[in-house]
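One structure below.
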Amino acid sequence: MIRILWSVLLCVAAVWFPLAVARVFLDTPIEREMGTVQKIFYFHVPMAWCMMLAAIVSGVAAAVQLLRNSRRAEALSLAAGEVVLVTGLCVLLTGPIWGHATWGTPWTWDARQVSTALLFLVFCAFVLLRTQGAAGTERLAAGLAAFGALDVPVIYYAVKVWKTTHPTTDVVGTLPPSMWRTLFFALAPIAACVAGLVAVRYHVERAEQQLDDLFLARSDPASS
Amino acid sequence: MRGLRQTLLLARNDLLQEVRHLEVLATALFFDVVVLALFGVGFGTLRGEALRASLPAMLWLSVAFVGSLALTRLFEREREHETFVALLVAPVERLAIYGAKALVGTCVVVACAAVQLAGLRFLFPEAAALFDRPLLLALLVVGASLAYVAVGAVFASALATDRTRGVLLGVVLYPLTAPVLLFALVATRALIEGHAKAAVYVGQVWAVAVLLLSMATFVFESVVVPIPSGRTQRRRR
């Protein structure tokens with residue numbers, strides 16, 4: 001079931017993404033003030049939304065893992081956590097490119113930039129703990145992901161609470177219809193790709209867990 | 001009520017130990033003084049706007065380091081004497097253990113922040129603006145220290161258990177507490193500038209503190225004590 005799900009999601013993303021790129025560059029009007037560089041907005045913003053969603057999924061799954069000792073939740077938390085790294089890296093690469101063209105500097109140390117970078121760092125630490133930590137660090141890593149997800153509201157409200165160089169959260173509503181339609185058209189393949197990647201990693205992690213259980217059962221039959 | 005009584009008893013015990021040996025406080029205060037001396041030498045030539053912009057960073061940077069030092073020491077003492085495991089198996093509510101550690105940790109961090117503030121006031125005349133609204137300043141320091149320790153105590157206690165002690169607290173703690181420090185930094189800058197909304201910024205720090213404290217109480221037991229499932233030991237590839 002999971003295999004079919006991720007296959008479909010990744011196929012949809014592979015077919016849809018080139019269409020989205022064509023629509024962004026050929027069918028959407030060029031923004032008057034920023035010019036062609038504004039096109040990065042159609043990839044940067046969906047990527048940031050996906051990063052925040054993946055962080056929330058990872059955090060909630062980690063909390064469920066801690067409270068119920070659920071192996072499925074553990075696998076989902078790790079899968080979503082790794083996807084936060086990928087999407088976070090894309091956000092932190094596309095943001096400064098856009099910032100350099102519009103603000104004249106790639107990094108202004110505004111609250112949204114800093115909190116996004118921190119979310120990325122938290123999930124770097126989470127993945128490091130999961131991959132390099134000793135046995136027993138799973139719970140510690142889960143706690144880290146659960147707390148790390150609390151950074152998402154900070155990112156969202158950073159532009160409302162503090163004066164920042166980032167546009168406010170209601171900017172999407174003020175866009176001309178042609179632009180916000182393209183934004184959601186570009187969001188679909190990116191979201192499908194992200195969901196597909198989470199599903200693939202979840203599938204692999206579950207397989208690893210089952211392999212671990214088999215290994216333990218074989219090496220110590222009394223424990224099974 | 002029982003939990004609160006246990007928390008206060010455990011905190012009293014920790015504070016008594018601390019008063020007798022001054023282990024955590026002496027180390028943290030010594031670090032505080034060294035950092036102050038470095039700030040004095042390094043930023044002594046700064047004046048005006050540049051110095052006002054640097055003061056919040058000086059304060060919260062030292063609080064961050066002192067906090068991690070204090071938390072490490074607080075749990076290291078338990079680990080050295082193998083009393084933390086004893087505490088976990090004792091007929092005491094686990095949240096009371098967390099509450100006591102968080103309370104003692106907050107006291108130590110607040111004490112160090114107070115020394116740091118006094119030192120900054122002594123070294124840099126521009127820091128006097130911080131003391132124009134002493135109640136707000138006190139609320140800010142206590143709120144931010146509580147938020148910092150709320151997160152730190154969970155992970156420091158998890159690291160105090162045998163299997164995870166090799167993992168550095170800093171790797172976990174600094175990225176997680178950075179949003180707290182960010183809120184505290186903005187509030188401190190507002191206090192220095194005499195901003196009309198300074199009280200709102202301090203309120204935000206307290207909101208973060210309450211949020212983190214709630215989350216910490218929610219996950220503490222699960223992070224520190226594994227739920228037995230019979231299959232918790234995993235093969236590490």
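Annotations
- Residue A:205 meets each of the listed conditions (1) touching a Leu at 6+ places or on another chain (Cβ under 8 Å); (2) of a type in the set (D, E, K, R); (3) not in a helix (DSSP H, G or I) apart from (3).
- Per the conditions (1) surrounded by 14 or more Cβ atoms within 10 Å (Cβ to Cβ); (2) in contact (Cβ under 8 Å) with a residue 60 or more places away in the chain, the sole criterion not satisfied by residue B:62 is (2).
- Sole exception among (1) touching a residue at least 60 places away in the same chain (Cβ under 8 Å); (2) farther than 27 Å from residue B:182 by Cα; (3) buried (at least 21 other Cβ atoms within 10 Å of the Cβ); (4) not small (Gly, Ala, Ser) for residue A:151, by number: (2)
- Per the listing B:191, B:212, the residue uniquely within 10 Å of chain A (Cβ to nearest Cβ), assigned to a helix (DSSP H, G or I), at pLDDT 90 or above and surrounded by 20 or more Cβ atoms within 10 Å (Cβ to Cβ) is B:212.
- Unmet requirement for residue B:176, which otherwise passes all of (1) facing chain A (nearest Cβ under 10 Å); (2) out of contact with any helix residue (DSSP H, G or I) (no Cβ under 6 Å at 6 or more places or on another chain): (2)
- Flag for residue A:80 being under 19 Å from the mean Cα position of the chain (by Cα), hydrophobic (A, V, I, L, M, F, W, C) and under 28 Å from residue B:223 (Cβ atoms): yes
- Contact map, segment A:101-112: residues that are without any contact (Cβ under 8 Å) to a residue 12 or more places away in the chain paired with residues that are surrounded by 13 or more Cβ atoms within 10 Å (Cβ to Cβ) and among the polar types (S, T, N, Q), Cβ distance under 8 Å, separation 6+ or inter-chain. Pairs shown: A:107/A:113.
- Taken together, the criteria place residue A:164 among residues that are assigned to a loop (DSSP other than H, G, I, E, B), hydroxyl-bearing (Ser, Thr, Tyr), within 14 Å of chain B (Cβ to nearest Cβ) and more than 16 Å from residue A:56 (Cβ to Cβ).
- Which listed residue is surrounded by fewer than 15 Cβ atoms within 10 Å (Cβ to Cβ) and modelled with pLDDT of 90 or more, from B:55, B:22, B:103, B:38: B:38
Matching residues to (1) more than 13 Å from every other protein chain (Cβ to nearest Cβ); (2) hydrophobic (A, V, I, L, M, F, W, C); (3) within 28 Å of residue A:143 (Cα to Cα):
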site	(1), (2), (3)
A:70	no, no, yes
A:79	yes, yes, yes
A:89	yes, yes, yes
A:109	no, yes, yes
A:115	no, no, yes
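- Lone qualifier among B:110, B:149, B:115, B:154 - being under 27 Å from residue B:215 (Cβ atoms), of a type in the set (A, V, I, L, M, F, W, C) and surrounded by fewer than 20 Cβ atoms within 10 Å (Cβ to Cβ): B:110
- Qualifying residues in segment A:119-137 (those that are buried (at least 23 other Cβ atoms within 10 Å of the Cβ) and more than 7 Å from chain B (Cβ to nearest Cβ)) - the one farthest from the chain's Cα centre (by Cα): A:126
- Selection status of residue A:188, free of Cβ contacts under 8 Å to residues at least 40 places away in the same chain, surrounded by fewer than 22 Cβ atoms within 10 Å (Cβ to Cβ) and more than 8 Å from chain B (Cβ to nearest Cβ): no
- Looking at A:131, A:94, just one residue is of a type outside the set (Asp, Glu), farther than 15 Å from residue B:175 by Cβ, outside any loop (DSSP other than H, G, I, E, B) and in contact with a His (Cβ under 6 Å, 6 or more places away or on another chain), and that residue is A:94.
- Residue A:100 meets each of the listed conditions (1) modelled with pLDDT of 90 or more; (2) out of contact with any Gly (no Cβ under 8 Å at 6 or more places or on another chain) apart from (1).
- Failed criterion for residue A:196 (all others in (1) in a helix (DSSP H, G or I); (2) surrounded by fewer than 19 Cβ atoms within 10 Å (Cβ to Cβ); (3) of a type outside the set (A, V, I, L, M, F, W, C); (4) away from every other protein chain (no Cβ under 14 Å) hold): (2)
- Picking from residues in segment A:25-74 that are of a type in the set (Lys, Arg) and at pLDDT 85 or above, the one that is surrounded by the fewest Cβ atoms within 10 Å (Cβ to Cβ) is A:68.
The values are calculated or read from the model by the stated rules, or taken from the named source; none is laboratory data. Small disclaimer: the values here were computed from a predicted structure and weren't measured. Reconstructed Cβ throughout: ideal geometry from the backbone, glycine too, with neighbour counts over all protein chains shown.
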